[in-house]
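Participant: This is the structure, below, for whatever I ask next.
The values are calculated or read from the model by the stated rules, or taken from the named source; none is laboratory data. Not measured: the values here are computed from a predicted model. Note: ideal-geometry Cβ built from the backbone for every residue, glycine included; neighbour counts use all protein chains shown. The area values use the complete protein model at the heavy-atom level, side chains included, leaving out ligands, DNA and RNA. Shrake-Rupley method; radii C 1.70, N 1.55, O 1.52, S 1.80 Å.
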Amino acid sequence: MSTVTLRVFRGDSTSSEFRDYKVETAPGMVVLDAIHSIQKNQDPSLACRWNCKAAKCGSCSGEVNGKPKLLCKARIDELPQDQPIVVTPIKTFPVIKDLVTDVSWNYEVAKQIEPLRLADEGSTEPLRMQQIDVDRIQEFRKCIECFLCQDVCHVLRDGQRKDIFFGPRHMVRFASLEMHPLDTADRRPFLKEHAGIGTCNITKCCTEVCPEHIHITDNAIIPLKERVADLFFDPIAKLFRRR
Amino acid sequence: MSNYETFEYDVLVIGAGGAGLRAVIGAIEKGCKVGVVTKSLLGKAHTVMAEGGAAAALANYDTEDGWKVHFRDTMRGGKFLNNWRTVEIFAKEAPERILELERYGAVFDRTPEGLISQRAFGGHKYRRLAHVGDRTGLELIRTLQDKAVSLGFDCHMETTLTRLLTQGGRVVGAFGYRRVDGQLVVFKAKAIVLATGGFGRMYKFTSNSWESTGDGVVMAYDAGAELQDMEMVQFHPTGMIWPPGMRGILVTEGVRGDGGVLKNGKGERFMFNHVPEFFRAETADNPDEAARWVDDKRNNRRPPELLPRDVVARAIYKEVQEGRGSEHGGAYLDISHKGADYIRKKLPSMYDQFLHLGDVDITKEPMEVYPTIHYAMGGVAAEPDTCATSLPGLYAAGEVAAGLHGANRLGGNSLTDILVFGRRAGEAAGDYANANSHGSVVNEQIEEELDVLMRPLSGGDGVSPYEIQTELQETMQKCAMIARTEESLNEALQTVRELQSKLDDIRVPGDTRFNPGWNAARDARFMLTSSEVLIRSALERKESRGGHWRLDFPNEDPYWAKHNIIAKFENGSVKLEPRPVPTIPPELEEILKD
């Protein structure tokens, strides 16, 4: 039976340290399995979120050797075995304890987004939409809210500017609503004035880490930016717009 | 007196899966102030893991479908242990709830006419499951989450409730702790909706997450509510079996619905040898017909792989027992013949799951599967129309409730269950709250619970909660799984009793701040109580029916065909009572004869 060393962040935002744990490996093991083994056999007080263990719920986000990952999808046999595997909490949000961070800001932001508005509100008729017209929003609706995109967003992570940008997760949500074939609301002024669509400088870091392979930048953020630009900055349209 | 925070709501919803969130919407629409307590973050509940779809007789493909056929299929799948009235409401309201969900923002896959596409599934006569690829649960929970958030409610995330508070024979609130900071919390409520899901963590190999420790059923039971059919647990035929860390994780029935076939270690398509008489007339009897069915459902009978889950799970079990297992002791599930494009479009998350976590490319190779604990048909007894439990003020909806699925749940019926009865529970709780005032919380109940909660932190050496959980899981897996006997069940019961005697000796390090060990200590009690009730009910039911298979009583029994098993907490122990299944009215019985 071979073993691997996990170097795990322990503590909170005021005091913390790295602690090493030796864990026996098994075929196909993922980092989350190793964390569970530590909880069960070495230290039951090690805090870590998880639910489905199948990359469907987005609970177990963390950073493995500095790379944002779902711990349930991070295979141990794909990591260098000759050095400790460093496991840390996602960086953009304040640490509560060990690998658990305070992501409540995301839920507060979500409340501000205008929901779907159908033209025939109150009707119970079945909706008619073609598959080809919903393909692109179905991509956005794959989001599992793991917040890894929020973790790597330069505006949120390096700048800590949650006051000016909602972050890629919520841009994906905006896109799923704005591009819904039967939606009638216009969220473009809100996107510009409050959600901070303009602050994204399209480095595509969010797209790279998305475990659902959503093309966040190309398919969600850039088209939203274009729609906002059309409304506010199109010089031709401006001539005809009534003030 | 301990220091705790108090919150007050008209309606408190415990659990934020699909049933809980639909109940929130229902209660808000009744004008109530609603609070929700969830053990995880919002949107992470078990609903998210549902893959295949939500069954409703929309008849978008098969115009012959209708509520009566859905009613018939559900009753037959449940081996008539279902409450007919619950099933009637369910089958009639299912289409309405799905269409409503679409108006909330759910984006289902479409038919060529632009309507909701429907998928074939085990036990359903027609294509009936509204779906989004193989991530339908995510679509449901996110849609309900967004809708409920837009209406406004208080969400207490990562909070665990451990005791329902009662006064004067009704429920008046609940007590527990916030996981993040360990703060003790009291919720006062005029009515409570229990939507806590199942209890599959008592088994070693399960598709259930850490949350499914039976808190809901046991809190209700401790408070005096009746439980029903607790022996009825569903073993999903296809859980992952390899690698070890993935064992038990679900492989959607959609694989079989979309043409996947089961083969044993010898390469034989064994399901043709396991077709029960009851389903013979509607099942294909040769591979050619079964293969034709995938593209022409009208003129061919369904493949035997799509028999109800209990039948398929038993067949895999028997093949392995008789020495025809796969490499790791299961069966092969193969859909590679359908081609890579088809598979990636229809089953994207299965493709990903096996490729990244199992090193198997399902477009080229078969998957290896074995039955896994998946769902609890039994739970808190609930009235069909209102979801009221036997405890006034307490309502139960979704997996925690019993009555709809009988002895075996059909795939696709749970996602619809949570919509239909989540709404009904929320609205009925809202009505109750509007007609009643707050009761008063009895401090003794809180102090008593506090004592239980805090004991593991009282210092010194003791038993690890994980040790107890592991031993329970090993025992339940060995003795109370798919094939049961009086002897094996008694062995399980004895272990459960021994483990219960160790509960007061559990000790864990750390404090109450996000401490999984401390949380696991209280969970162990829930797991043991629910296990005890399950085992005792399973001993009582001396027959085989649906998910409950007794090797020592291999046949169905006419007496038990007409009785549910009710379990109640009385004078410190489990009291069991066989109760006649409600008599089905003649006009509905007619439907079953088809």
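Participant: So, R0 is 56 Å and r is the distance between the beta-carbons of A:THR5 and B:GLU587; what FRET efficiency does that work out to, to 0.05?
Facilitator: Taking R0 as 56 Å, the efficiency between A:THR5 and B:GLU587 is 0.25.
Participant: Rounded to a whole number of µm²/s, how large is the Stokes-Einstein D of region A:104-238 at 20 °C and 1.002 mPa s, given Rh as the Kirkwood radius over C-alpha pairs? Could you put the intermediate results ahead of the total?
Facilitator: Details: Rh = 15.6 Å.
Estimated via Stokes-Einstein, D reaches 138 µm²/s.
Participant: Moving to a separate point now. Among rounded, prolate and oblate, which fits region B:247-386 when a ≥ b ≥ c are the square roots of the eigenvalues of its C-alpha gyration tensor, a/c under 1.5 means rounded, and a/b larger than b/c means prolate?
Facilitator: It is rounded, given that a/c, with a ≥ b ≥ c, falls under 1.5.
Participant: Would you mind computing, in nm to one decimal, how far apart the modelled labels at B:ASP557 and B:HIS328 are, each placed 7 Å from Cα along Cα→Cβ?
Facilitator: Output for this residue pair reads 3.8 nm.
Participant: Using 0.36 nm per residue, how much length does the chain from B:ASP296 to B:THR63 gain when fully extended, once their Cα-Cα distance is taken away? If you can, show how the numbers build up before the last one.
Facilitator: On the way: separation 233, 0.36 × 233 = 83.88 nm, distance 1.45 nm.
Stretched fully, the B:ASP296-B:THR63 segment lengthens by 82.4 nm.
Participant: Let me ask something additional. In region B:204-232, which residues have a backbone nitrogen under 18 Å from the label point lying 7 Å from B:ARG579's Cα in the Cα-to-Cβ direction?
Facilitator: B:217-232
Participant: Taking K and R as +1 and D and E as -1, what net charge do the other residues with C-beta under 14 Å from the C-beta of B:MET476 add up to? Walk me through the numbers before you get to the answer.
Facilitator: Values: positive: B:ARG201, B:LYS204, B:LYS478, B:ARG484, B:ARG497, B:ARG536; negative: B:GLU231, B:GLU471, B:GLU474, B:GLU491, B:GLU498, B:GLU532.
In short, 0.
Participant: In terms of the Cα gyration tensor, with a ≥ b ≥ c the square roots of its eigenvalues, is region B:73-202 rounded because a/c is under 1.5, prolate because a/b exceeds b/c, or oblate?
Facilitator: prolate
Participant: For helix A:168-178, what angle does its Cα long axis make with the longest principal axis of chain A, in degrees from 0 to 90 and rounded to 10?
Facilitator: That helix lies at roughly 30 degrees to the long axis.
Participant: Using every pair of alpha-carbon atoms in region B:444-487, split the distances into 5 Å bins beginning at 0 and state the percent of pairs per bin, rounded to integers.
Facilitator: 5, 16, 16, 14, 14, 14, 11, 10, 2
Participant: Quick one: buried accessible area between A and B, total over both chains, 1.4 angstrom probe, nearest 100 Å²?
Facilitator: Chain pair A/B: roughly 5000 Å² of buried accessible area.
Participant: Give me the percent of the accessible area of the protein assembly as shown that comes from carbon and sulfur atoms, probe 1.4 Å, all protein chains in place. Please list the in-between numbers first.
Facilitator: On the way: 14440 of 29940 Å².
Using a 1.4 Å probe with all protein chains present, the protein assembly as shown comes out at 48 percent carbon and sulfur.
Participant: Here is a further query. According to the square roots a ≥ b ≥ c of the eigenvalues of the Cα gyration tensor, what is the shape class of region B:1-138, taking rounded for a/c under 1.5, prolate for a/b larger than b/c otherwise, and oblate for the remainder?
Facilitator: Prolate is the answer for region B:1-138, as a/c is 1.5 or above and a/b outweighs b/c.
Participant: Still on this model: Which GluC sites (Glu not before Pro) in region B:66-143 sit in a loop by DSSP (not H, G, I, E or B) and have at most 12 other Cβ atoms within 10 Å of their own Cβ?
Facilitator: Those that pass, being in a loop and sparsely packed, are B:GLU113.
Participant: Enumerate cysteines in chain A without a disulfide-compatible partner, where compatibility requires another Cys Cβ under 4.7 angstrom.
Facilitator: A:CYS48, A:CYS60, A:CYS72, A:CYS143, A:CYS146, A:CYS153, A:CYS200, A:CYS205, A:CYS210
Participant: Something else now. Can you give the net charge of the other residues whose Cβ lies under 12 Å from the Cβ of B:ASN490, counting K and R as +1 and D and E as -1?
Facilitator: Around B:ASN490, the surrounding residues sum to -1.
Participant: So, for region B:236-372, what is the accessible surface per residue at a probe of 1.4 Å, expressed in square angstrom?
Facilitator: 39
Participant: Translational diffusion coefficient of region A:3-101 at 37 °C, 0.692 mPa s, Stokes-Einstein with Kirkwood Rh over Cα pairs, in µm²/s as a whole number.
Facilitator: Values: Rh = 13.3 Å.
So the translational diffusion coefficient is about 246 µm²/s.
Participant: How big is the dipole moment of region A:104-238 about its Cα centre under a simple scheme where the beta carbon of each Lys and Arg is +1, that of each Asp and Glu is -1, and everything else is neutral? Debye, nearest 20, please.
Facilitator: 320
Participant: Here's another thing I want to ask about it. For the pairs B:LYS478/B:LYS568; B:LYS542/B:LYS575; A:LYS91/B:LYS44, note any where the Cα-Cα span goes beyond 24 Å.
Facilitator: Listed pairs above 24 Å: B:LYS478/B:LYS568.
Participant: When Lys and Arg each count +1 and Asp and Glu each count -1, what net charge do the other residues less than 11 Å away from B:GLY173, Cβ to Cβ, add up to?
Facilitator: +3
Participant: Between A:ASP163 and B:GLU365, take the C-beta separation as r, use R0 = 35 Å, and let me know the FRET efficiency to the nearest 0.05. Provide the component values of the computation, followed by the final result.
Facilitator: Values: r = 51 Å, r/R0 = 1.44.
With R0 = 35 Å, the Cβ-Cβ based efficiency is 0.10.
Participant: Enumerate the calculated ³J(HN,Hα) couplings along region B:171-188 in order (Karplus 6.51 cos²θ - 1.76 cosθ + 1.60, θ = phi - 60°), each rounded to whole Hz, writing x wherever the residue is Gly or Pro.
Facilitator: Along region B:171-188, the couplings run 8, 10, x, 8, 10, x, 9, 8, 5, 4, 10, x, 4, 7, 9, 10, 10, 9 Hz.
Participant: Give the Cα extents of region B:208-293 along the principal axes, in whole Å, largest first.
Facilitator: 55, 36, 22
Participant: Rounded to the nearest 0.05, what FRET efficiency do A:HIS213 and B:ARG455 give with R0 = 41 Å and r taken as the Cβ-Cβ distance? Could you check?
Facilitator: That pair, A:HIS213 with B:ARG455, gives E of 0.30.
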